[in-house]
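Trainee: Have a look at this one before I ask anything.
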Amino acid sequence: MSMLKVENLTTVVGSGVSAPSVLEDVSFTLDAGEVLCVVGESGSGKSMLALTIMGLLGFPVRRASGRIILDGDDITAGGASAWRQRRGRDLSMIFQEPMTSLNPIMRVGEQIGEVLRMRKGMGADTARRRAIELLERVEIPAASSRLAAFPHELSGGMRQRVMIAVALAAEPKLLIADEPTTALDVTIQAQILDLLRDIQAESGMALMLITHDLGVVAEMAHKVMVLYAGRVAEMADVETVFDAPSHPYTQALLASIPSLDSGGDRLVTIPGSVPGVGLMPKGCRFAPRCPHVKDDCRSGPPPLAMLGPAQRVACLRPFGYVRREEGRV
Amino acid sequence: MRDYLLRRLISVVPVLFLVSLMSFAVIWIIPGDPTAAFLDASSTPEDVARLREMLGLDKPPLVQMAEWYGRVLTGDLGQSILLRIPVLSAILERLPLTLLLATLALILAVGLGVAAGTFAATRRGTWADQSVMSLALLGLSVPDFWLGLLLIVVFSVQLGWLPSGGYVPLLDDPLGWAKSMVLPTITLAVVQVGFIARMTRSAMLDVISQDFMRTADSKGLSGLYIILRHGLPNAMMPILTVTGIIAGALLGSAVVVEQVFALPGVGRLIIGGILSRDYPIIQGGLLFLTVIYLLINLVVDLLYATIDPRVRLE
Amino acid sequence: MSSLDTNLAHEALPERQSPFLLFARRLLGNRAFVIGGSLFLIVLVLAVFADQIAPFKPNANNFRARLEAPSAMHWFGTDHFGRDILSRAIHGGRLSLFIGLSVVLFTGVFGTLIGAASGYFRRLDNILMRIMDALMAFPAILLAITVAATLGASVQNVILALGIATTPHTARIVRASVLVVREMEFVEAARALGASHMRILFRHILANAMAPLIVRLTYVFASAILAEALLSYIGVGPPPPAATFGGIIANGRDFMVEAPWVTLFPGLIILIVVLGLNLLGDGLRDVLDPRIRV
């Protein structure tokens, strides 16, 4: 059974039936022990997906419909307070900015400890010992002396390790990491990713990793979900995505990776940008930027169709398919 | 932390120097002869000379200044012309009441103001927010002495619940003491509640929008705990700043409220001194209240450093 | 159709609208500004046309009509000399607004000069700011009372006293803006192009200090009116028989039980004026720069 099952999730800005959506009809599953990478440009709805699942959307953004089933229970069913009970216990999250995501005037030991005490019911001493273990687990040297440190006394990488320790404190079933390495130095990035992968493998939790870095995807993912303008463009195994990308957007993303052998060529970019919220085209949202666009692409949203056992694509003319057809004509 | 304390203490010295200089200079600003107010047609030249000698006016200004500093440093603020007792003892006798009044009002103002501002911030844009903030604005627009008079009319004259003025010593009659402090405290606090509520609201709104508040939310902590444990301490800096300023304003307004409620505090002493041109009292009283105000702000700065470890590094 | 088109035209060409019009439109859309402005305007009109509007002469005694309750003839009642409270309050408002405006001018000019000099010329900064610190160390009301009392009760001295009490804070606000702006690139550019200190200071830097200064001065106006009332209540304000808010209230204090209106109405008017000015300040702050804290 899936650890996380998201069904027809739609998130909108504002109230009313015509409120523009930032996420539309997103469905996917994620098993325990699995890593799902969510990729897309900025504005694709990646972070909104994370916040929606966490129940952390702030006014005026709200979940309009859809279910989020975690370990068999629909966490949307019990309302905001039941959802809050889940956070920090069944699901937790690591944010993009380690510089600002920790409380600047609270010692890091307390920031970890409060989860242990308030959410796991530990006493002060147990919580303290557990916090040291957690800091050791995220490979912070001299862990016991770091409990009394304030965030500003730690480097960015160290702070992100503390964030991971906070997120792990209650041993969640699902961990969402929203671009956890974007704000860090390249050398630190690899360390943090390694750490995340190790912890994920040993704890068996499900990990949803949001990134725009396809290198990270290749390194970490079991499954990949490509979001474009709030809709799922393509979802597949990591091998399939890299070997046989079938949505024109996925292809464009892959083509835009600079490689060493591309020499002095210009970097490949995708012309145009993600349409703004409320300015979405009627049909396929990628149509205005798509090199293969045809008239029928503009008539309605393309369904997310099975293309193989491990691949679903929301395109009327998925890549491999199109070529065969054109070859026949 | 000790270095920080030391640096702050040292930085107060020049301000203290200037403040005492200004207190001293009061006597020089006055147009005409400062002794004129105390003398009449029957005064002999000997009277004038004696008064000038008493005020130290017979010496050159620089010598006077040096003597003033010398006396202030040894705790001698001179002799009141009218009361005919040392200024220091006149002040010390009345100081407890003024400090008590200001402290009670400060506690009330900070408690109520922070609660109201936090409440409004967490309900931003709702009718509850707007009502609380309208009340706060009304509070800081009220002339306090007038409010005091209205309270006397309603609660003393009409309802007869509370005394209209006068001070009852705590040890003589605790209930009477409490009753005698209620109206002055409220009068003194109302304006400041408004200021603190407004400042707290805007500081809390800044904090609520920050990333670490979302982190706290992602931990599944309760809303009230997040506001009290993560939000409020981070909003404390601007709130403390206002509190420091307000402590000064309270000392000033206490002067007026003591007048309205006929309380024998330093404020009334100073106003009496001003109206009767009793310069030693004015100089001493001003210097005293100002030094207290400086001390309060020093404490505020130290609280900063306690709350926010980053301050100590600056 | 036409309305849609005009809307689109506005969308497409925002630069067509003059900044002043845009600013005025945003101000008029701000509820605090509109309410505060209206309250203040009403009182301002009453003050300017006091002689025409006030039903009686402010100092006209009428011993047959002492301490009369509010009536059709005396809307706000009369005091112990039989003087019409409404008329006295209107004239008191005129004096109060005059003093408030003068204090605003005083603190505006001196606060700007001191703040600008302190922020721009590093060498002056320390000494000027220490003096301001020392002035700010005196509780403002106490400073004002002392200055007004030692100089003697008169309108000019009240203005001077309140001006001195409000200038240090204003200077600090101007200095803070100047410190921020002086490091910006366009100022560097102006300096590189050989602009004089004075030109840079007035043309480039002070223009950017305007927003916080205007907001601050609105609040200064409000607190000057409160403080003036207080000074005249204590008896160090403009000397009698001038009608002042504080003076009327002080007179009414002795008759609070039998004639509460003498105290009540002038206080209410102070409340309305000050509330209006504070709302005005809030509105200006919201529109000019919501980050300003005064």
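The values are calculated or read from the model by the stated rules, or taken from the named source; none is laboratory data. Please read these numbers as outputs of a predicted model, since none were measured by experiment. With ideal geometry, Cβ positions are generated from the backbone for all residues, glycine too; neighbour counts draw on all protein chains shown.
Trainee: Any chance the range A:64-76 includes a residue that's in a loop (DSSP other than H, G, I, E, B), in contact with a Lys or Arg (Cβ under 7 Å, 6 or more places away or on another chain), within 14 Å of another protein chain (Cβ to nearest Cβ) and at pLDDT 85 or above?
Mentor: Yes, the range A:64-76 contains a residue that is in a loop (DSSP other than H, G, I, E, B), in contact with a Lys or Arg (Cβ under 7 Å, 6 or more places away or on another chain), within 14 Å of another protein chain (Cβ to nearest Cβ) and at pLDDT 85 or above.
Trainee: Sticking with this structure for a sec: So B:LEU108 clears everything in (1) modelled with pLDDT of 90 or more; (2) touching a Pro at 6+ places or on another chain (Cβ under 9 Å); (3) not aromatic (Phe, Trp, Tyr) except one condition, right? Which one?
Mentor: Exception for B:LEU108: condition (2).
Trainee: Now for a separate question. Looking at the range B:204-253, which of the residues that are at the interface with chain C (Cβ under 9 Å from one of its Cβ atoms) and in contact with a Ser or Thr (Cβ under 8 Å, 6 or more places away or on another chain) is surrounded by the most Cβ atoms within 10 Å (Cβ to Cβ)?
Mentor: So, considering only residues that are at the interface with chain C (Cβ under 9 Å from one of its Cβ atoms) and in contact with a Ser or Thr (Cβ under 8 Å, 6 or more places away or on another chain), the one surrounded by the most Cβ atoms within 10 Å (Cβ to Cβ) is B:LEU251.
Trainee: Separate question: Residue by residue through the range A:184-211, note down the ones that are part of a loop (DSSP other than H, G, I, E, B) and either within 20 Å of A:MET54 (Cα to Cα) or in contact with a helix residue (DSSP H, G or I) (Cβ under 6 Å, 6 or more places away or on another chain) (or both).
Mentor: If the condition is that a residue be part of a loop (DSSP other than H, G, I, E, B) and either within 20 Å of A:MET54 (Cα to Cα) or in contact with a helix residue (DSSP H, G or I) (Cβ under 6 Å, 6 or more places away or on another chain) (or both), then A:LEU184, A:GLY204, A:MET205, A:THR211 are the ones that fit.
Trainee: Report, by residue number, each residue of the range A:119-148 that is in contact (Cβ under 8 Å) with a residue 24 or more places away in the chain and either within 21 Å of A:ASP90 (Cα to Cα) or more than 12 Å from every other protein chain (Cβ to nearest Cβ) (or both).
Mentor: A:ARG119, A:LYS120, A:ARG130, A:ALA131, A:LEU134, A:LEU135, A:ARG137, A:VAL138, A:GLU139, A:ILE140, A:ARG146, A:LEU147
Trainee: For the range A:98-125, what are the residues that are outside any helix (DSSP H, G or I), at pLDDT 85 or above and either more than 18 Å from B:SER222 (Cβ to Cβ) or out of contact with any helix residue (DSSP H, G or I) (no Cβ under 6 Å at 6 or more places or on another chain) (or both)?
Mentor: A:LEU102, A:PRO104, A:ILE105, A:MET106, A:ARG107, A:GLY123
Trainee: Follow-up question, since we're still on this one. For the range C:75-87, check the following and say yes or no: at least one residue is β-branched (Val, Ile, Thr) and at pLDDT 80 or above.
Mentor: Checked against the condition, which is being β-branched (Val, Ile, Thr) and at pLDDT 80 or above, the range C:75-87 yields no hits at all.
Trainee: In addition: Output yes when any residue across the range B:149-166 is in contact with a Ser or Thr (Cβ under 9 Å, 6 or more places away or on another chain), touching a residue at least 12 places away in the same chain (Cβ under 8 Å) and within 30 Å of B:ASN297 (Cα to Cα), and no when none is.
Mentor: For the range B:149-166, residues in contact with a Ser or Thr (Cβ under 9 Å, 6 or more places away or on another chain), touching a residue at least 12 places away in the same chain (Cβ under 8 Å) and within 30 Å of B:ASN297 (Cα to Cα): absent.
Trainee: Further question on the same structure: Restricting attention to the range B:273-286, and to residues there that are part of a helix (DSSP H, G or I) and within 11 Å of chain C (Cβ to nearest Cβ), which single residue is surrounded by the most Cβ atoms within 10 Å (Cβ to Cβ)?
Mentor: That would be B:GLY285.
Trainee: Looking at C:ALA176, C:ALA207, C:ALA195, C:ALA189 in this structure, which one is surrounded by fewer than 16 Cβ atoms within 10 Å (Cβ to Cβ) and part of a loop (DSSP other than H, G, I, E, B)?
Mentor: After ruling out the rest, the residue left standing is C:ALA195.
Conditions tested, residue by residue: (1) touching an Asp or Glu at 6+ places or on another chain (Cβ under 8 Å); (2) assigned to a loop (DSSP other than H, G, I, E, B); (3) surrounded by 15 or more Cβ atoms within 10 Å (Cβ to Cβ); (4) in contact (Cβ under 8 Å) with a residue 12 or more places away in the chain.
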| site | (1), (2), (3), (4) |
| --- | --- |
| B:ARG84 | no, yes, no, no |
| B:PRO96 | no, no, no, no |
| B:THR103 | no, no, no, no |
| B:ILE107 | no, no, no, no |
| B:VAL114 | no, no, yes, yes |
| B:THR118 | no, no, yes, yes |
| B:GLN130 | no, no, no, no |
| B:LEU137 | yes, no, yes, yes |
| B:PHE145 | no, no, yes, yes |
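Trainee: Further, regarding this structure: Would you tally the residues in the range C:213-255 being touching a helix residue (DSSP H, G or I) at 6+ places or on another chain (Cβ under 6 Å), of a type in the set (Gly, Ala, Ser) and within 10 Å of another protein chain (Cβ to nearest Cβ)?
Mentor: 6
Trainee: Name the residue, out of C:THR107, C:THR166, that is more than 14 Å from chain B (Cβ to nearest Cβ), under 24 Å from the mean Cα position of the chain (by Cα), surrounded by 23 or more Cβ atoms within 10 Å (Cβ to Cβ) and among the hydroxyl-bearing types (Ser, Thr, Tyr).
Mentor: That would be C:THR107, the only listed residue that is more than 14 Å from chain B (Cβ to nearest Cβ), under 24 Å from the mean Cα position of the chain (by Cα), surrounded by 23 or more Cβ atoms within 10 Å (Cβ to Cβ) and among the hydroxyl-bearing types (Ser, Thr, Tyr).
Trainee: Within the range A:76-84, is even one residue within 17 Å of the chain's Cα centre (by Cα), surrounded by fewer than 19 Cβ atoms within 10 Å (Cβ to Cβ) and touching a residue at least 12 places away in the same chain (Cβ under 8 Å)?
Mentor: For the range A:76-84, residues within 17 Å of the chain's Cα centre (by Cα), surrounded by fewer than 19 Cβ atoms within 10 Å (Cβ to Cβ) and touching a residue at least 12 places away in the same chain (Cβ under 8 Å): absent.
Trainee: Which residues, counting only those in the range A:153-173, are within 11 Å of another protein chain (Cβ to nearest Cβ) and among the β-branched types (Val, Ile, Thr)?
Mentor: A:VAL162, A:VAL166, listed by residue number.
Trainee: State whether the residues of the range A:95-110 include one that is facing another protein chain (nearest Cβ under 9 Å), of a type in the set (S, T, N, Q) and surrounded by 23 or more Cβ atoms within 10 Å (Cβ to Cβ).
Mentor: There is at least one residue in the range A:95-110 that is facing another protein chain (nearest Cβ under 9 Å), of a type in the set (S, T, N, Q) and surrounded by 23 or more Cβ atoms within 10 Å (Cβ to Cβ).
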